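**Student:** Input: one structure, supplied below.
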Number of protein chains: 2
Amino acid sequence: MGNKIEIMPLGGVGEFGMNCLGIRYSGEMIIVDAGMGFPEETPYGVDISIPNFDVLEDYADELTGLFLTHGHEDHIGSVPYLLRRFDLPVYGSRLTLAFVERKLEEHGIADEIELNRVEAGSNVSIGSFDVEFIHASHSLVDCFSLAVETPLGTVIHTGDYKIDESPVIGRPYDLEALRARGEKGVLALLADSTNATVPGRTPSEKDVIPALDEIFGEAEGRLIVTTFSSSIHRLQVVFDLAKVHGRRVCVLGRSMKQNVELAEELGFLNIDPETEIGLGESRQLNDDEVVYLVTGSQGEVRAVMWNLATQSFKGLQVSEGDTVVLSARIIPGNEKRISKMIGAIYRRGGNIIEEKRRLIHVSGHASQDDIRILTQAAQPQYLVPIHGEYRMLFRHREFAKNHLGFEEDRVKLVENGDILELTGETATVVDSNEIGKIFIGDNGSGEIGLETVRERRKIGYSGVISLVITIDRNSGELVADPLISIKGVSGVDALNGTLEVARQSVSEAFKEVSRQQASDSEWLKEHLRIHLKRHLQSEVGARPVIIPEIVEV
Amino acid sequence: MGNKIEIMPLGGVGEFGMNCLGIRYSGEMIIVDAGMGFPEETPYGVDISIPNFDVLEDYADELTGLFLTHGHEDHIGSVPYLLRRFDLPVYGSRLTLAFVERKLEEHGIADEIELNRVEAGSNVSIGSFDVEFIHASHSLVDCFSLAVETPLGTVIHTGDYKIDESPVIGRPYDLEALRARGEKGVLALLADSTNATVPGRTPSEKDVIPALDEIFGEAEGRLIVTTFSSSIHRLQVVFDLAKVHGRRVCVLGRSMKQNVELAEELGFLNIDPETEIGLGESRQLNDDEVVYLVTGSQGEVRAVMWNLATQSFKGLQVSEGDTVVLSARIIPGNEKRISKMIGAIYRRGGNIIEEKRRLIHVSGHASQDDIRILTQAAQPQYLVPIHGEYRMLFRHREFAKNHLGFEEDRVKLVENGDILELTGETATVVDSNEIGKIFIGDNGSGEIGLETVRERRKIGYSGVISLVITIDRNSGELVADPLISIKGVSGVDALNGTLEVARQSVSEAFKEVSRQQASDSEWLKEHLRIHLKRHLQSEVGARPVIIPEIVEV
């Protein structure tokens, strides 16, 4: 005890999303972030994924607090699930906690949780830990890096960041605070790897202004701007440019409205009361007097942009002369839907600003030269790349080795479930737990097991057949014809006679079964299931999942 | 008759893939290309999509020939399906027809089809049509644009193309032939729009040589190059560079082996017999003496690259010191899988060349300045953008209007199923058919109906329950407890008692049913299905598809 720090990533290492990490010292443990993931299993009723917190049961008595770096879903999305199991005080910025509070309310546990609002530059002491909140710049506002001080040394967790010298809202990244830490000595730097493959510097949030200013200047009709509703800097830019160009802003879409309201209330967004208008008022204005700021930059079919493009949203639709600005990156997987949306906009005579060469979106994550600046400020003994798929973590390590003078053994690659032990002299992965993830279904339907997802994948791929056999308990004879019903099975139907042939085939197979065999209904079920399976495969090439039932009367 | 040409796209317009288009004149019709599509419905057992050829039944007696521009799957993938329904002679280049022949053999109809090998520069006359095959440059070799001459005028179909002045294999695009056509007069140009959003010129196939040469020079260990097996130019570059750098080439993967063999046999690939070696021989060489040329640039889990990266392929695996070159674009939708594959390669100590800034892949499709060159050579009266999602077609039109001097009414945007009538003076969409597409299942399982896919989507999303009720035909009473079986349903199981409660609930519901109602088994099924559905939704939040069965004894 007291001679080591343990770093334990539960999510976000080797994958995108679900960021969550434990830091343990002397029988005490704090958790940094509890994010959600965006799994590929959505066709199977899965909404989100969260880390499997089971591994924390072993440390239940040691957990002292949840520290949040910022309010993006991949950092706070699993907070309610974590807090339902472990009663922890939460520390975060005002905006982060406002987002968290909304979530806790949705889960009906807002009253039970202790939320501690902290400011950049302040400290919180819990047991052996002293945590400093360092102001970080990112695509969101009110973000922190954390300096976690223990008697054995300091661990820096960057959160998500870029070194933005001119954010639209708030100060640049607080490199001074980091340098001060670096001079006192940093044992380990756990650092965002999302853009570690990208050379150069990440552009500043202000760098989108010239191109957007031009676009606002050129547009003769209505302007429709869509971006992530959490891109608070971007929202401010739109409000500012609208004012300059004599336009009013009408905000559409639930999350966009909520975030504008919240960010304004907390003083992050600075909106001229004249500038924001409602939908009704917007209809009274000339086309060149209005900007619609809307949700749906990823072509989500329930969001405003999709509806404006393909149908209508509260009577509004894209039409001749409109200029639509996609001020967001395209998240991989969404290309086809977005391309369809753009097609729909063109069809209606709208103009789309989707040029990649116009700088109308910037990333929130550190590129290689940002990483250089941060790492040189923190001067860590060990570098631990976090936040990203393996490819990014590895490239982060390569960059540190080739360009920042780190020897191989000073960069520690870890995986979810690993326990990285820091002693002051050494850094070693001493244990590895299988962590995995938990799927959460949509509409509050709760956890969905891996086995359930596996079954859904199977029946979704091949369809399903229910087979009902009715036998006389006494004679062991068939009482009625087998019943066969199909869902999603190709090639088998009543019309082409294949269903009837299958039914007869099962009857025939049953005749071959001895009375004694038939009395074992589990055996009989399996026997007839396999028979029907083979029959269908050879006769029609179908391989449905078969659910056999035996009714005994 | 004789006073109009009709252009009828069956696929590939407003979508990527499934390129197929009819040209009709005076009661005769030719088909240009018959491609397949790559639908998003793969989780539902769908392998490919093909155009719905039903609409051709109306013209069955008029069809005179199938003309193929080149051998990519999105242009020839549905040829067997078309030819099974309509007996047509096929015209195409040697390589195209070699690919087609392979397909026809797989479908067991190779003997029945008349394949006519034609050369660039030659003509084929069928009825009123005279079709000239113009040599086109593309990422594949032996490709054509078609000049379809009718008494009313000439229609040019570009196929897929770029204006490559220095292809690795074969001649540049035959602009002379196109100019000659242009001077004689071109009524309509049907032109590839895939890259119509991209400014500038598409790089030549030769432009990848410098970067690849550098990479071959830098690599100290084994080289593993993955690309599309149909990128014949690229394969030649790899063989050539291997020779220069003193390496031998070992080709791995079925389609790669087949294509190398075929292209060499037909004289497109020029391989020094010393250079190509087998797997056994490759194992005898030093690491810096070998290049593996492998399938799987898209991270396909059955292809060689994935297996080399994550497991092994015939005992071979990526290891320390290997350099892996991804010489292909990442097709949208494959990012996650490819990123995983790259992570696996890094983990094993391999180096990946995936820099976007190194020119190791070029597109095969015309960018805006290629489009300019082609269009100015052909000088068409009308331009009809084809091949691409609406977004590309629209951008093609915008480019033609803004930069090529076309007035609005000289650029005709069409949709699949439209009939564009050209009279010499006018070009008008005179009719529109709903075309749609046909899904084909994997493993030769044939057509999969839309309704089947819809059902699979539903059961895959929510799971399925079979419900069996057994009643006495005479008394109308329940004879046995209801049977409930589940597949892929979340929240309902035997362990937590929910299954038993559901069963009881169905029994209770049955008791409320009158004898007369119970005698209508369709009514009873639906009644109990709805009852169980509501029960599960309110009790456990599950919404499975329920298959009810009534057994009467």
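The values are calculated or read from the model by the stated rules, or taken from the named source; none is laboratory data. Keep in mind it's a predicted model, so treat the numbers as computed, not measured. Backbone-built Cβ (ideal geometry, glycine too); neighbour counts: all protein chains shown. What goes into the accessible areas is simple: the full protein's heavy atoms, side chains included, and nothing from ligands, DNA or RNA. Shrake-Rupley method; radii C 1.70, N 1.55, O 1.52, S 1.80 Å.
**Student:** In whole Å, what is the distance between the alpha-carbon centres of segment A:305-356 and segment A:358-393?
**Tutor:** 32 Å
**Student:** Nothing charged except the Cβ atoms of Lys and Arg (+1) and of Asp and Glu (-1): what's the magnitude of the dipole of segment B:205-354 about its Cα centre? Round to the nearest 20 debye. Working shown, then result.
**Tutor:** Working: 17 positive and 22 negative charges, 172 e Å.
In total the dipole reaches around 820 debye.
**Student:** Going from most exposed to least, what order do A:73, A:434 have by accessible area with a 1.4 Å probe? Intermediate values should be presented prior to the final figure.
**Tutor:** Values: A:73 75, A:434 175 Å².
Correct descending sequence by accessible area is A:434, A:73.
**Student:** With unit charges on the beta carbon (Lys/Arg positive, Asp/Glu negative), name the residue among B:26, B:70, B:3 whose Cα is farthest towards the positive pole of the charge dipole of segment B:1-105.
**Tutor:** Looking along the dipole axis, the top candidate is B:70.
**Student:** At 7 Å along Cα-to-Cβ for each site, give me the label-to-label distance between residue A:401 and residue A:265 in nm.
**Tutor:** Spacing of the two 7 Å Cα→Cβ label points: 5.0 nm.
**Student:** Once the convex hull of the C-alpha atoms of the protein assembly as shown is built, how many Å³ does it hold per residue, rounded to a whole number?
**Tutor:** On the way: hull volume 227.2 nm³, N = 1106.
It is 205 Å³ per residue.
**Student:** How many angstrom separate the Cα center of segment B:488-524 from the Cα center of segment B:261-276?
**Tutor:** 68 Å
**Student:** Please give the residues from segment A:426-461 for which the solvent-accessible area of heavy atoms, probe 1.4 Å, is smaller by at least 20 Å² with all protein chains in place than with the chain isolated.
**Tutor:** A:442, A:443, A:445, A:452, A:455, A:456, A:459, A:460, A:461
**Student:** What average number of partner chain Cβ atoms lie no more than 10 Å from the Cβ of the residues making up A:463-471? Could the numbers behind the result be given before it?
**Tutor:** Working: counts 10, 11, 2, 10, 2, 8, 1, 8, 0.
Mean shielding by partner chains, rounded to a whole number: 6.
**Student:** Now for a different question. Under 15 Å Cα-Cα from residue A:184, which aspartates and glutamates qualify once same-chain neighbours fewer than 8 residues away are excluded?
**Tutor:** Excluding near neighbours in sequence, the set is A:130, A:132, A:149, A:176.
**Student:** Per residue Cα convex hull volume for segment A:13-146, in cubic angstrom?
**Tutor:** 115 Å³
**Student:** For A:310, B:323, write out the residues from largest to smallest accessible area, computed with a 1.4 angstrom probe and no ligands counted. Numbers along the way, then the final one.
**Tutor:** Numbers: A:310 45, B:323 15 Å².
Correct descending sequence by accessible area is A:310, B:323.
**Student:** OK, next. Rounded to the nearest whole Å², what accessible area per residue is found for chain B with the 1.4 Å probe? Spell out each step's value before the answer.
**Tutor:** Numbers: 21930 Å² over 553 residues.
Per residue, chain B has 40 Å² of solvent-accessible surface.
**Student:** Here's a follow-up. Protein chains only, probe 1.4 Å: how do B:508, B:264, A:28, A:549 rank by accessible area, largest first? Could the numbers behind the result be given before it?
**Tutor:** On the way: B:508 95, B:264 75, A:28 35, A:549 10 Å².
The most accessible residue leads, giving B:508, B:264, A:28, A:549.
**Student:** Same structure again: Can you give the angle from 0 to 90° between the axis of helix A:232-244 and the longest principal axis of chain A, with both taken from C-alpha atoms, to the nearest 10?
**Tutor:** 60 degrees
**Student:** Oh, and also: What angle, in degrees between 0 and 90 and rounded to the nearest 10, separates the Cα long axis of helix A:209-218 from the longest principal axis of the Cα atoms of chain A?
**Tutor:** 80 degrees
**Student:** Any idea of residue B:314's accessible area? Nearest 10 Å², probe 1.4 Å.
**Tutor:** 130 Å²
**Student:** Taking 0.36 nm per residue of sequence separation and subtracting the Cα-Cα distance, how much length would be gained by fully extending the chain between residue B:514 and residue B:106, in nm to one decimal? The partial results should precede the final answer.
**Tutor:** Numbers: separation 408, 0.36 × 408 = 146.88 nm, distance 5.84 nm.
Extending this stretch completely gives an extra 141.0 nm.
**Student:** Same structure again: For peptide A:198-211, how many partner chain Cβ atoms fall within 10 Å of a residue's Cβ, on average? Display every interim value, and only then the final one.
**Tutor:** Values: counts 1, 2, 0, 0, 0, 0, 0, 0, 0, 0, 0, 0, 0, 0.
That works out to 0 on average.
**Student:** Starting from the Cα coordinates of chain B, work out the convex hull volume and express it per residue in Å³. Kindly include the intermediate steps, with their values, before the conclusion.
**Tutor:** Numbers: hull volume 113.7 nm³, N = 553.
Measuring per residue, one finds 206 Å³ for the Cα hull of chain B.
**Student:** Calculate the dipole size of segment A:295-382 relative to its Cα centre from +1 charges on Lys and Arg beta carbons and -1 charges on Asp and Glu beta carbons; express the result in debye to the nearest 20. Please report the intermediate quantities before stating the final value.
**Tutor:** Values: 12 positive and 8 negative charges, 55 e Å.
Its charge dipole is roughly 260 debye.
**Student:** Now for a different question. Distance cut-off 32 Å, Cα to Cα: go down the list A:437/B:257; A:103/A:401; A:162/A:401; A:340/B:257; A:257/B:356; A:525/B:533 and report the pairs above it.
**Tutor:** Those over the limit are A:437/B:257; A:103/A:401; A:340/B:257; A:257/B:356.
**Student:** Along the positive direction of the dipole of chain A (beta-carbon charges: Lys, Arg +1; Asp, Glu -1; about the Cα centre), which of A:490, A:463, A:402 reaches farthest?
**Tutor:** A:490
**Student:** Before we go on, tell me the buried accessible area for the B/A pair, both chains summed, 1.4 Å probe, in Å² to the nearest 100. Could the numbers behind the result be given before it?
**Tutor:** On the way: alone 24640 and 24630 Å², together 43850 Å².
Summing both chains' loss of accessible area gives about 5400 Å².
**Student:** Ok, one more. Using a probe of 1.4 angstrom, how much of the accessible area of chain A is carbon and sulfur, in percent?
**Tutor:** Details: 9670 of 21920 Å².
Accessible surface attributable to carbon and sulfur in chain A totals 44 percent.
**Student:** Could I ask something else about it? Calculated from DSSP H runs of 4 or more alone, at -39500 (n - 2.57) each and per residue, what is the 222 nm mean residue ellipticity of the protein assembly as shown, nearest 500? Could you put the intermediate results ahead of the total?
**Tutor:** Values: 32 runs with 342 residues, N = 1106.
Result for the protein assembly as shown, helices only: -9500 deg cm²/dmol.
**Student:** Between the alpha-carbon centers of segment A:446-460 and segment A:156-194, tell me the distance in whole angstrom.
**Tutor:** Cα centroid to Cα centroid, the span is 42 Å.
**Student:** Now for a separate question. For chain A, give the magnitude of the charge dipole about the Cα centre (Cβ charges: +1 Lys/Arg, -1 Asp/Glu; no others), in debye to the nearest 20. Could the numbers behind the result be given before it?
**Tutor:** Working: 56 positive and 86 negative charges, 342 e Å.
So the magnitude is around 1640 debye.
**Student:** A further question follows. Any chance you could give the angle, 0 to 90 degrees and rounded to 10, that helix A:390-403 forms with the longest Cα principal axis of chain A?
**Tutor:** 30 degrees
**Student:** Something else: Choose one of B:513, B:537, B:480: the residue whose Cα lies farthest towards the positive end of the charge dipole of segment B:463-552 (beta-carbon charges +1 Lys, Arg; -1 Asp, Glu; about the Cα centre).
**Tutor:** Ranked along the dipole, the leading option is B:537.
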